[in-house]
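Colleague: Quick one: the structure is below, and I'll ask about it shortly.
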Amino acid sequence: MISAIRFALRNLWRDIKSGELSVLLLALTVAVLSLTAVGFFTSRISQAVALQATEVLAADLRMESPHPIPQKYFDQAARRGLKSAKVISFPTAIFRGEANQLAALNAVTETYPLRGHMRIADVPFGTARIAAGIPRPGEVWLDARIIAQLDVPLGGTLKIGAADFKVAEVLDYRPDQGTGFVNLAPAALINFADIGATQLIQPGSRANYEALFAGNAEAVIAFREYLAAEKSAGERLRDIEDSSRQLNSAIDRASRFLNLASLASVLLSAVAVAMGARRYAARHIDTVALMKCMGASQSFVLWISVVELTILALFAVALGSALGFLAQDGLAYLLKDLVRSDLPRASLQPLPIALVTVLAMLIGFALPPLLQLKSTPPARVLRKNMSAPPLRYGVSYVLALAALFAILWSLVRDTELVLSVMAGALGVGLVLGLAGFGLVRLTTRFRGGVGIAWRYGLANVSRRGAGSVVQIVAFGLGLMVLLLLAVVRGDLLADWRKSLPANVPNNFMINIRPDEREALEAFLKAHGLGTPAMYPMVRARMTAVNGTPAADLKLKGDSAKNYVEREQNLTWSRNLMDDNQLLEGRWWTDADIGKPLVSVSSEYAESLHLKLGDHLSFDVAGEPLKVEVTSIRKIRWDSFRPNFFLVFPPKLLDGAAGTYMTAVYLTPAQRPALAQLVRQFPTVSVFDVDAILRQIREIMDRASLAVQYVFLFTLAAGVVVLLAAVQATRDERRYESAMLRTFGASRGTVLQGVAAEFSALGFLSGTLAAFGATGIGWLVAQRLFSLQFSLDPWLWVIGLVCGTVLVGLSGTLATRSVVNTPPVVTLRED
Amino acid sequence: MSESIVLEANNVSKTVVSPEGSLTILADVSLSVAAGETLAIVGASGAGKSTLLALLAGLDTPSTGKVLIAGTDLTLLDEDGRAAVRGKHVGFVFQSFHLIPSLTALENVMLPLELSGRRDARNAARAALEQVGLTPRLSHYPKQLSGGEQQRVAIARAFVTHPALLFADEPTGNLDTATGQKITDLLFHLNRTMKSTLVLVTHDRTLAARCGRTLQLDAGHRIA
């Protein structure tokens, strides 16, 4: 074995010098480059996204308690190098003379907020700016609604508890103000030092104490473990996992886009490795026969190849990851305005993944030809037509599929995504194979009506038979992935952005009394805010499922318990909402109006194990109501439109006393109208979700930029596949070109023939790639991203033109040197 | 079996199965070659010369019969076992030279030595190339050498391991008459110097005549 290693080392150097391994090395290096660059980069981006999510908490970690939080936690945090802040919040009335307004009072320490920024404005509902610091002692920052209600000017004085405060700023936004409808009352913010002076905190007072912590990610994780072990009953930890449903949905989609792009690079590189390894085996078959003739054993021959390729893999990992690291650093530089400067360095985690992936690629895609190579009969030295018996199909296919699955899964850990990508690739490979076979047969018919060069080129396509089919499949797969990324990516991103257009409602209004409805609608219309849909809302408690009382239901998970224990908002609607998709059952017909039926959301159905035909009982303001589940809907929460778990047909709940809610889009210029609205409709509560919308748009922008960058690596992998495919037939072409030129064909004729052959291959690959990309794009949009997929004619134009031009041109260019070799040189070598 | 017999074939036949039925390429051939002997296997194209050579060298296995090299029965060995026997006792010279294009002349000659794990491969290969008069061509690649030079490299490679038995398959088939003559002289000279046994396949009567013995095949049968 030692002599095999020594021999392999010497052989490797010779093979590298002679260019035998160049395609394989290039394919492996590009695979590692894309893997590590994507790995390094996504680790940084996901950290950036996670950091952005931490803004929702105003910290990395947050503890909440009904009792004062022990000082030992803050001391411990300081010892671990973490920053901390304290918040006390409770509802209280704020007085201006006799007038008063209920407010959520928040007292904060100097370091608040630890993540994100507060924004303040000079006039109620005016343009906001980032706040530096917190209110000074004796000052209060107030929500515009309180200022409007109490009609107090900036600089005026208010009373909170026993203390007087000067109104210093209009409080526009706090990072942790809540993204749902949790904090109903408008907020007031004071300095933590003033809390004593208000004398509002007395023994037995109801207040919420909060501790905020932030710092280095590892220290935060360790501190979280410490707090989880130390905390007493009533103390509750919240971290970024708890961030809102909408933000999670957006982050999840962003990471799926990135993963899809990196999967594509790996898939293409695997194709290139398989082709490179086949060529390696083909080029070494004579050498192996000769070596066996001179006494080399089968295991010796296998060892040489294995050692050579392992060293090659290590070299590719070193080179590729160095380039990958540089590439992601370059990206971080390009994105320096978007990615926060306090991002930790990229972790080295992608390195072992790259090494394992490259080894898996070699085992899955390079080992089968090598196993075949070792069985080369030595008698080949006497008779050239003798070659190794083919491997049993099972071996090579199982190896390749297992390796592919392992690689893809280790990369994304998302079985559904991996399986759909693999199924898509294999399906398209099969279709391409069959279609390629069809074309090869078809070209024979066209040969009669064309000139000599085309006849030669088309004859080549059909004569090479299996070789042509392999090339069509390879080109087709490469083009398909490129199309998917170039066009479908654009479509998906556009659809995604369309799901969050610029005028998506950024202010929600709830608690609209039925008698106020018309007046409010008139108000909105008068202020140029249109006539937004009014959603009726009735509060109700669920009492039974299929006759089993709610208390007796066996439920798992907090959400299921919430659905049963909390009051639910019921609504009714004639039509299915735009951002709802019917998964099961049917929507109301005219005959269903007023009947006891209900449509439930998929989350609700899953948590309570509901199916069509189940019966739910509700207590609606003391009146029992029993309804049958007739449909299950999937709600796109990131559409930011009002949505309800439970929707009833119209007229069923007419007798119940309810309120309405609506949502409107306000431009910054229209915001002052809110002050008037709050005064005119004092019971209507207005919620501003502009901040979280902005956050989600930023995440979308980053994700799309990242995908475009990752796309570059996929493009590089596609080019390597093309090179590998051209290389695979290089030797054969050299000989043919020499023969043709010997018989009198001009260089131009031979070159035209080559161009005809590659263009024909490219045209068909392009056609099939467009088919495949359409199919997979549809599948991916529907299944993975829940988006509507619209057929893009550009997919076909780009597929056909790019296929023909790209493959035709690059194939011809890559073969040019072969055609240019004087025939005598080639014929002498053979 | 006499100790001086290095190669022996007993009733060797080769039958292959093709879609048209089974075909006998070689029928019942026996021979024995003593150390230092030179044997020419002659016959028309398709007579079975190359098949016999492949069987004698253990590159292929006979359908029936036995082949012994230096007293070892090749038919009892597996492929690796036969490879080991070749590595120890056998050298080859081929019609199309079979030099590895990515290796220099020196590296091509070093190959069999490296395969057998010899540490002094470089020096031994250099000496072998000096013997065939190619010292100025050590670092040339096969495509930079003429046909005659390439075959001289192949001869150096065959003799560098001092094999007891040398098989040559049409060694002058790809060369012009004058060059072929020089190569033949070199082959016979080295064979004498190294005291090896030479078995060559040729349809060149002049070359066959230089051998001590001739075995003639016709349609797979030994006729002389």
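Colleague: How are the Cα pair distances of segment B:12-83 distributed, in percent, across 10 Å bins from 0?
Modeller: 18, 49, 29, 4, 0
Colleague: Here's something else I'd like to know. Sorting B:23, A:189 on the 10 Å Cβ count, fewest up front, what's the list?
Modeller: B:23, A:189
Colleague: When the Kirkwood radius is taken over all Cα pairs of segment B:155-224, what Stokes-Einstein diffusion coefficient follows at 37 °C and 0.692 mPa s, in µm²/s?
Modeller: 254
Colleague: Add -39500 (n - 2.57) for each DSSP H run of 4 or more in the protein assembly as shown, then divide by its residues: what number comes out at 222 nm, to the nearest 500 deg cm²/dmol?
Modeller: So the helix-based figure for the protein assembly as shown works out to -16000 deg cm²/dmol.
Colleague: Per residue of B:82-90, count partner chain C-beta atoms within 10 Å of its C-beta, then hand back the mean as an integer.
Modeller: Whole-number average of other-chain Cβ neighbours for B:82-90 is 4.
Colleague: When you look at the Cβ of every residue in B:4-13, what mean number of other chain Cβ atoms sits within 10 Å?
Modeller: Counting other chains' Cβ atoms within 10 Å and averaging over B:4-13 gives 0.
Colleague: What is the fewest-to-most order of B:59, A:712 by other Cβ atoms lying within 10 Å of their Cβ?
Modeller: Lowest to highest Cβ neighbour count: A:712, B:59.
Colleague: To one decimal place, what orientation-averaged projected area in nm² is obtained for the convex hull of the Cα set of the protein assembly as shown?
Modeller: Taking the Cα atoms of the protein assembly as shown, their convex hull projects to 56.8 nm² on average.
Colleague: Show the residues, 5+ positions off or on another chain, whose built amide H is closer than 5 Å to the amide H of residue B:214.
Modeller: B:40
Colleague: Another question, if that's okay. If r is the Cβ-Cβ distance from residue A:226 to residue A:132 and R0 is 30 Å, what FRET efficiency results, to the nearest 0.05?
Modeller: It comes out at approximately 0.40.
Colleague: Return B:204, A:15, B:185 ranked ascending by Cβ neighbour count within 10 Å, so the fewest neighbours appear first.
Modeller: Listed from fewest to most nearby Cβ atoms, that is B:185, B:204, A:15.
Colleague: Which value, in Å to one decimal place, does the Kirkwood hydrodynamic radius take for chain B when every pair of different Cα atoms is included?
Modeller: Value: 17.9 Å, from the Cα pair sum.
Colleague: In segment B:117-150, which trypsin sites (Lys or Arg not before Pro) fall in coil by DSSP and have 13 or fewer other Cβ atoms within 10 Å?
Modeller: Qualifying residues, ordered by number: B:119.
Colleague: Let me ask something additional. Rg to Rh for segment A:264-323: what is it, with Cα atoms only and Rh by Kirkwood?
Modeller: Using Cα coordinates only, the ratio equals 1.08.
Colleague: For segment B:104-179, what's the radius of gyration and Dmax over Cα atoms, in angstrom?
Modeller: So, for segment B:104-179, Rg and Dmax equal 12.2, 38 Å respectively.
Colleague: Let me check I have the definition right: for segment A:730-786, take the eigenvalues of the Cα gyration tensor, multiply each by 5, take square roots. What are those semi-axes in whole Å, largest first?
Modeller: For segment A:730-786, the ellipsoid semi-axes come out as 42, 10, 5 Å.
Colleague: Now for a separate question. What's the average, rounded to a whole number, of partner chain beta-carbon atoms within 10 Å of each residue's beta-carbon in B:96-108?
Modeller: That average works out to 4.
Colleague: Let me ask something additional. According to the Kirkwood expression over distinct Cα-Cα pairs, how big is the hydrodynamic radius of segment A:534-617, in Å?
Modeller: Its Kirkwood hydrodynamic radius stands at 14.1 Å.
Colleague: Quick one, what does Rg over Rh come out to for segment A:553-676 if you take C-alpha atoms and the Kirkwood Rh?
Modeller: Result: Rg/Rh = 1.01.
Colleague: Using the alpha carbon gyration tensor of segment B:1-129, what are the three equivalent-ellipsoid semi-axes (square root of 5 times each eigenvalue), largest first, in whole Å?
Modeller: The three semi-axes for segment B:1-129 are 30, 19, 15 Å.
Colleague: Could you tell me the calculated FRET efficiency between residue B:75 and residue A:319, based on Cβ-Cβ distance and R0 = 45 angstrom, to the nearest 0.05?
Modeller: The calculated FRET efficiency here is 0.35.
Colleague: By DSSP, what percent of the beta bridges with both residues in the protein assembly as shown are antiparallel, rounded to the nearest 5?
Modeller: The antiparallel proportion sits near 75 percent.
Colleague: Which ³J(HN,Hα) values, rounded to whole Hz and listed in residue order, are derived for segment A:108-121 from phi using the Karplus coefficients 6.51, -1.76 and 1.60 in 6.51 cos²θ - 1.76 cosθ + 1.60 with θ = phi - 60°, glycine and proline given as x?
Modeller: Going residue by residue, I get 10, 8, 3, 7, 5, x, 6, 10, x, 9, 8, 10, 10, 9 Hz, with x marking Gly and Pro.
Colleague: Could you name the lysines whose alpha carbon sits less than 27 Å from that of residue A:611, not counting residues in the same chain fewer than 8 places away?
Modeller: In chain and number order, the partners are A:554, A:556, A:561, A:595, A:626, A:634, A:651.
Colleague: When the chain is fully extended, how far beyond the present Cα-Cα distance does residue A:590 get from residue A:611, taking 0.36 nm per residue of separation?
Modeller: 5.3 nm
Colleague: May I pose another question? Given 37 °C and 0.692 mPa s, compute D for segment A:66-194 with the Stokes-Einstein relation, Rh being the Kirkwood radius over Cα pairs; round to the nearest whole µm²/s.
Modeller: Diffusion coefficient, whole number: 214 µm²/s.
All of the numbers you see were taken from the coordinates with simple rules; none came from a lab. Source: prediction; values computed, not measured. Cβ coordinates were reconstructed from backbone atoms using ideal geometry, including for glycine residues, and neighbour counts include every protein chain displayed.
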